[in-house]
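To start, the structure itself, in structure tokens.
Throughout, read-outs are computed from the coordinates displayed, never taken from laboratory work. Since this is a predicted model, take the numbers as computed values, not measurements. Here the Cβ positions follow ideal geometry from the backbone for every residue, glycine too, while neighbour counts run over all protein chains shown.
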Amino acid sequence: MVVLESVLVANRGEIAVRVIRTARKLGMRTVAVYSPADRYAKHVRLADESYALREEDGRAYLNAARILELVEKSGARCVHPGYGFLSENAAFADACNSMRSSVFVGPPAHAIRAMGSKAEARRIMIGAGVPVVPGYEDLADQSVERLKYEACRNIGFPIMIKAVHGGGGKGMRVVRSEKQFEDAVLSAKSEARNAFGADTLILEKYIPRSRHIEVQIIADQHGKVSHLFDRDCSLQRRHQKVIEEAPAPHLSETQRNEIYDIAENAARAVGYQNAGTVELIYDLDADHGKMYFLEMNTRLQVEHPVTELVTGVDLVELQFAVAAGAKLEDILERPALPLGHAMEARLYAEDPRHDFLPQSGRIERLVLDDRGEDTAGNLSDRVRVDCGLESGDQVTVFFDPMIGKLISHGGTREQARRKLLSALQNSAVLGIQTNLNYICNVLEDAEFIAGGFDTSLAIRRATEFTAYPEVDTLAVCILSVASFLRERYAQHARMPSSVWAHPSLANFRVNEHEAITLQVLPANDSDASDSTSACITTRLFPEDEVNQFFVESSTEGQDPRRNFVQVDHSNISDECVRLALSWTEDTALSERHNVPQARIDFVDAQDLAWVRYTHMNTTRSVFVRVRSREHAGLLKDDSRAGPGENSSKILTPMSGKVVRILCEPGAAVRKGDTLFVVEAMKMSYNVLAPRDATVLIVNHTVGAFVNHGSVIVELEQEPAA
């Protein structure tokens, strides 16, 4: 066996942090690499030493020559590629293994070439008698014309377009008609080229009612292959996994044994080594259900933690051991059956209410709770948090927008679900939009709770999943009390005055004998940012007794709600207020209600607050933006809604790079035509004409980097009626 005393992690973000933590546990010296944008990133801070890459964007982590130079310079004995970037680059694996004193922590290059190509993987599986989805995998002719011919004549719509290399939903499109096909192919090619450095595609028949099942495998250098049970990754949005779990619910023992055999035989067929995943699609409309081979990922998966929690195995530690030459029989103790159930949620910087557009910017406050409750409501084992960011870090336009993952484990699927939901409800990301509310909505959905749903669930329930919780009057009541106490604390502690007492908020004054007036909006719902009906106005009157308040809350068209509030306990800092309080409504027969726990986090720079409280054994969590009536117009943000039919200025819906412009001044365009394409974080977005019109001006060129809300194209004004 080789002694691997040090490792260079050729990646960034949460997976780099994940690998470094296991390496440190094993006593290994850790080496990080970073792009200029990641100079102060968490993985750099955790590593024993770090080295700079040259390029600013994602190309930095694809620069194999520079990374190999740093392997030599650092003296690292092995290279762990994580996932994405160079993790499935056969030439990079070969180069690492060819170095005098370093090895690649992953499969051999020949296995990456065979199974890292979806086209080659299909051919191998067909040769081995494994069922595959009908499709087209000929790489010799990748012309749009040939792909279109195969789609229309031999396969039939709907079609799934897939990038031959890579994963994570990049370079994938579902096409339902011939009219959409050409634009989808060009967009998929561009996205695949940016993400993986290659733009070749395969076509497969799209199976509308299906589940996404996968099997984790591990193989040593001595011919031994073992599975580590299965996972269900059917909760997907735009072919990007959002929630994963292990084991897959509602599979029979016969079905599990069938897919384990397929996975192990696939690994043996290509002489596989190290950790990998065989992905299958389960056709729910076929008689008795039918499993098709999809692809094999020759790397560690994003969702690997759920397998770790149901097996008790550290997969990264296994990877290091296998790379060092260990035998599975000496290092792997797989349980006979999965140990309970595990569930993972991916937290992304994206806006669910606006087509999940990637978000960039500073994370003002990041709170990822590592606690969860079991079905009895008792605090049980901690929830695992894998995250590469911290409060104050930047989410840039250059990389995938995943912030981190929360992973729960329970004796049953329901216990794992409840624990994950509890942890998410006690988590917050302030400063940028995220999918946090979206995930919580999914976890509370009846069909999700039942399990066994198909991959269309996120589409069918899009309206329900993207809904934001209403800002209730009790939350605003708690916020107003917390704001008063915080400002009183600030005066007494002489800390810098916050925006919550800024002179521009004329009605917001801390005076023991005057009212405080706040107007509150849902912070994450940009559709409500200019809506009077969505606003709650609250007035707080301090009573003569210390920590007693009269609070009146109202919304437009509704009678005000009046509460008497008694603060029983408080813990106040400059950024957070924790309270225990009781309240009664302003009625003669009103009973007293208790809020045993409330936490209010403030982000002064953006007038944001996160209010979380427990009432009647239920936890509520809402994000709010505070405004005064005089400043209501400042929060209006028309650009986020996209161009309306009467719009003449066509804006980019996100910051990024303009990769295609499909119009020119003087050209006539029809409603629905693609005007331009912008890319960010390896995702492309087509911006369409809102109406029939003539193009007047094109303000940018291909290759330009533009900010969210920039005017790219101007159309002729709509004639007056």
**Q.** Estimated D of the chain in µm² per second, where Rh is the Kirkwood radius over Cα pairs and Stokes-Einstein applies at 4 °C, 1.567 mPa s
**A.** 47 µm²/s
Q) What number comes out for the charge environment of Arg660, summing +1 per Lys or Arg and -1 per Asp or Glu over other residues with Cβ under 12 Å away? A) -1
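Starting from 0.36 nm per residue, how many nanometres of slack lie between Ala128 and Arg39 once their C-alpha separation is accounted for?
Stretched fully, the Ala128-Arg39 segment lengthens by 27.3 nm.
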Q) So what does log10 I(q)/I(0) come out to for the range 385-443 at q = 0.15, 0.22, 0.27 Å⁻¹, using the Debye formula with one equal point on every Cα and no solvent? A) -0.51, -0.96, -1.25
Q.
I need to check one value: relative contact order of the range 298-450, counting alpha carbon pairs closer than 8 Å and at least 6 residues apart, in percent.
A. 28 percent
Q: Would you mind calculating the relative contact order of the range 648-721 from Cα pairs under 8 angstrom and at least 6 residues apart, reporting the percent as a whole number?
A: 42 percent
Q. For the chain, list the DSSP H helices whose alpha carbon atoms reach 20 Å or more along the long axis and whose average Kyte-Doolittle value is 0.0 or above?
A. 473-493
Q: Compute the relative contact order of the chain as a whole-number percentage, counting only Cα pairs closer than 8 Å that sit 6 or more residues apart in sequence.
A: 9 percent
Q: Enter the mean projected area of the convex hull around the alpha-carbon atoms of the range 210-465, in nm², rounded to one decimal.
A: 14.2 nm²
Q.
For a 32 Å ceiling on Cα separation, which of these pairs sit above it: Lys25/Lys73; Lys118/Lys657; Lys189/Lys224; Lys405/Lys649; Lys73/Lys162?
A. Lys189/Lys224; Lys405/Lys649; Lys73/Lys162
Q: Just grab the label-to-label distance for Ala65 and Cys152, each label 7 Å out from Cα along the Cβ direction, in nm (one decimal).
A: 4.3 nm
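Plugging the Kirkwood radius over Cα pairs into Stokes-Einstein for the range 134-205, at a temperature of 4 °C and a viscosity of 1.567 mPa s, what D comes out in µm²/s?
111 µm²/s
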Q.
Using the basic label-point model (7 angstrom from Cα toward the beta carbon), what is the Glu333 to Val174 distance in nanometres?
A. 4.4 nm
(Q) Let me make sure I get this right: for the range 304-353, a, b and c are the square roots of the gyration tensor eigenvalues over alpha carbons, sorted descending. Under 1.5 in a/c it's rounded, otherwise prolate if a/b > b/c, else oblate. Which is it? (A) oblate
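Grab the Cα-Cα distance for Glu5 and Asp559, subtract it from 0.36 nm times how many residues apart they are, and report the gain in nm with one decimal. Numbers along the way, then the final one.
Values: separation 554, 0.36 × 554 = 199.44 nm, distance 6.92 nm.
The span from Glu5 to Asp559 would gain 192.5 nm if fully extended.
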Q: Compute the FRET efficiency between Arg371 and Arg24 as 1/(1 + (r/R0)^6), taking r as their Cβ-Cβ distance and R0 = 25 Å, and round to the nearest 0.05.
A: 0.55
Q | R0 of 30 Å, Cβ-Cβ distance Asp314-Glu49: FRET efficiency to nearest 0.05 | A | 0.80
Q: Quick one: give the max-minus-min coordinate of the C-alpha atoms of the range 188-346 along each principal axis, largest first, in Å.
A: 43, 39, 31
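When DSSP assigns beta bridges and you keep just the ones with both residues in the chain, what percent turn out antiparallel, to the nearest 5?
Roughly 90 percent of the DSSP beta bridges within the chain come out antiparallel.
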(Q) Give me, ordered by chain and number, the residues 5 or more places off Tyr272 or on other chains with an amide H under 5 Å from its own placed amide H. (A) none
Q.
Residues of the range 409-426 with backbone nitrogen within less than 19 Å of a virtual label 7 Å along the Cα-to-Cβ line of Cys576, please, listed as ranges.
A. 422-426
Q. When the convex hull of the Cα atoms of the range 81-184 is projected onto a plane and the area is averaged over all directions, what value comes out in nm²?
A. 7.9 nm²
Q) To one decimal place, what Kirkwood hydrodynamic radius in Å is obtained for the range 252-366 from all pairs of distinct Cα atoms? A) 17.4 Å
Q: Starting from the Cα of Glu120, step 7 Å along the direction of its Cβ; do the same at Ser98; then give the gap between the two resulting points in nm.
A: 1.6 nm
Q: Please give the length that would be gained between Asn257 and Arg691 if that part of the chain were fully extended, namely 0.36 nm times their separation in residues minus their C-alpha to C-alpha distance (nm, one decimal).
A: 150.8 nm
Q | Convex hull volume per residue for the range 6-105, taking Cα atoms only, in Å³ | A | 79 Å³
Q. Given R₀ = 30 Å, FRET efficiency for Gln597-Thr463 by Cβ-Cβ distance, to 0.05?
A. 0.45
